[in-house]
1. Out of the residues in the stretch 30-40 that are surrounded by 22 or more Cβ atoms within 10 Å (Cβ to Cβ) and over 12 Å from the mean Cα position of the chain (by Cα), which is farthest from residue 211 (Cα to Cα)?
2. Filter the stretch 417-475 down to residues that are of a type outside the set (A, V, I, L, M) and on the phi > 0 side of the Ramachandran plot and give me whichever is modelled with the lowest pLDDT.
3. Restricting the stretch 382-423 to residues that are touching a Leu at 6+ places or on another chain (Cβ under 6 Å) and in contact (Cβ under 8 Å) with a residue 40 or more places away in the chain, which is nearest to residue 206 (Cα to Cα)?
4. Every residue in the stretch 272-294 that is farther than 16 Å from residue 209 by Cβ and under 11 Å from the mean Cα position of the chain (by Cα), please.
5. I'm told residue 21 meets every condition in (1) buried (at least 20 other Cβ atoms within 10 Å of the Cβ); (2) out of contact with any Phe, Trp or Tyr (no Cβ under 7 Å at 6 or more places or on another chain) except one. Can you identify the failing condition by its number?
6. How about the stretch 327-338: which of its residues are out of contact with any helix residue (DSSP H, G or I) (no Cβ under 6 Å at 6 or more places or on another chain) and either of a type outside the set (Lys, Arg) or more than 22 Å from residue 268 (Cβ to Cβ) (or both)?
7. Of all residues in the stretch 57-80, which are assigned to a loop (DSSP other than H, G, I, E, B) and surrounded by 17 or more Cβ atoms within 10 Å (Cβ to Cβ)?
8. Which one of 54, 101 is β-branched (Val, Ile, Thr) and either surrounded by fewer than 20 Cβ atoms within 10 Å (Cβ to Cβ) or part of a helix (DSSP H, G or I) (or both)?
Amino acid sequence: MHISSLPSRYGIGTLGTAAYGFADFLERAGQSYWQILPLGPTGYGDSPYSSSSTFAGNPYFIDIEFLIRDGLVDPDLAECLDFGSDITKVDYGLLYLNRKTVLKQAVANLFAKRGRDFAELKAFKDENSAWLPAFALFSALKDMFGGVSWQEWPDEYRRYGSEAVERAKRELAEEIDYHIAVQYLFYAQWYPLKAYANSKGIKIIGDVPIYVALDSADVWANPEDFYLDADLKPVAVAGCPPDAFSDDGQLWGNPLYRWDKLKNDGYEWWLRRIAFATKVCDVVRIDHFRGFESYWSIPYGDATAKGGKWVKGPDYDIFRVISEKLGRLPIIAEDLGVLTPPVYKLLERVGYPGMKVLEFAFTPDADEENEYLPHNITKNSVAYIGTHDNETAVGWLMSQEPEVYKYATEYMNLSYEEGLSWGFIRTLLASPADTAIVQMQDLIVLGNEGRMNTPSTLGGNWTWRIRPECINDWLAGLLYAKTATYKRLSEGCLKKITAEKEALKADKAKMAALLAAEKKKATEATD
């Protein structure tokens, strides 16, 4: 469940009390992982996979109640702004209009209380000097130009390092300081939340999209790393060929990397990105992993992805360098999509666990070797019912043709008595996969009204939020019992169970000793 889906009073899930409560819920439920989506700022389309920075945090996630607690925001201001009345949906339009008002006051009060360069802020800037100055400048310029893509800025501002951009650093110093302070506030809330989850035995699984958005500080400040022409327009863009999601394929529009240039640089930008991601989260899922072996290149300007072609990627070389420079990292390979023998070979070489999705197991043309059928799932993998791009378990089942419905129902022994979602969950937990991840929507038995994203569509995606009453002790107990049945309880739970057993043994031994002593006394008294 993503941060945005948590309950809160201010229109979107945050890094506040409900997030800490969710970590408590996971601990009570015997869980080991909390998987989230990318944490970056969202823009047009609201997708966390299309962010203005691969390093920055989403300002919407900064908890307003914590800001009020810290004396940085007037509660009356927060109450008078409209963040949306529907607690089950995020209204990104209202957040865009009103969230900055709160953050502006928070930053102004922060500077008033502590100065513009207090020790913690200075340390934060030093630690993030590789990306923070360019991102803050980019964000300030974006504000100055009314939020339009940097591709539409006047030419002298489109070129990072130009005289106009250097002048903007001085002229926009106050706005730049604001964006730096917002990032400070985000990470000042994120790292304590992560530490709290870790203290509960919960590791955070983060997400690194293979590509970055064209309208991002990453591309604007590093154009030489991407396939852009002399006018800084993309030559070709990323996507996927036609597949089960779309007959036209998926036209993502991200600029493609100049892998030859990145290789000559020792993949320095990617090393920084992965190192940062594994600091922010405990485990990292690399999205669209197959794109490292070869990627779908679509001519810029095409209306669909049909006209693309496969182009060879960096393959194992980039992971060899990552391993040499950063060591063996906890990485999950999102290996879904069109897989070929070279992709399987790359997966075998890197040794990362891949992903297995139950909803892909019961297609009409599935054969006995289908790798997603639970009995075929390999141990070194992470199993899911579906991902954020798929239907919920109930939604998927109800949308299938009769023969698929029949096969899936019989294979998983689904019943309304157990609950259709919980039949999927039982099957998932019983699979051989080392790790099993369940979407919160399936735990609370939602249909497609709880779907997070429908690929190749705009509007209505990324908005789902959970009702606060759905996160409760009864559900935690039910999930704990299922998790225990299939021997998947967290290490913390297992240690607690072991400690309780040892304590019980000690109590029994103590009782036995007391009884033996009483018996001896009785015998002596009789004698």
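The values are calculated or read from the model by the stated rules, or taken from the named source; none is laboratory data. Only a predicted model underlies this, so the values are computations on that prediction, with no experimental measurement involved. Heads up, the Cβs are rebuilt from the backbone with ideal geometry, glycines too, and the neighbour counts pull from every protein chain shown.
1. Of everything passing the filter in the stretch 30-40, 30 is farthest from residue 211 (Cα to Cα).
2. 456
3. Here the residue is 383.
4. Residues of the stretch 272-294 that are farther than 16 Å from residue 209 by Cβ, as a first pass: 275, 279, 282, 293-294.
None - no residue of the stretch 272-294 is farther than 16 Å from residue 209 by Cβ and under 11 Å from the mean Cα position of the chain (by Cα), so the list stays empty.
5. (1)
6. Hits for the stretch 327-338 are 327, 330, 331, 332, 336, 338.
7. 57, 58, 62, 63, 72, 73, listed by residue number.
8. Testing whether each residue is β-branched (Val, Ile, Thr) and either surrounded by fewer than 20 Cβ atoms within 10 Å (Cβ to Cβ) or part of a helix (DSSP H, G or I) (or both) leaves just 101.
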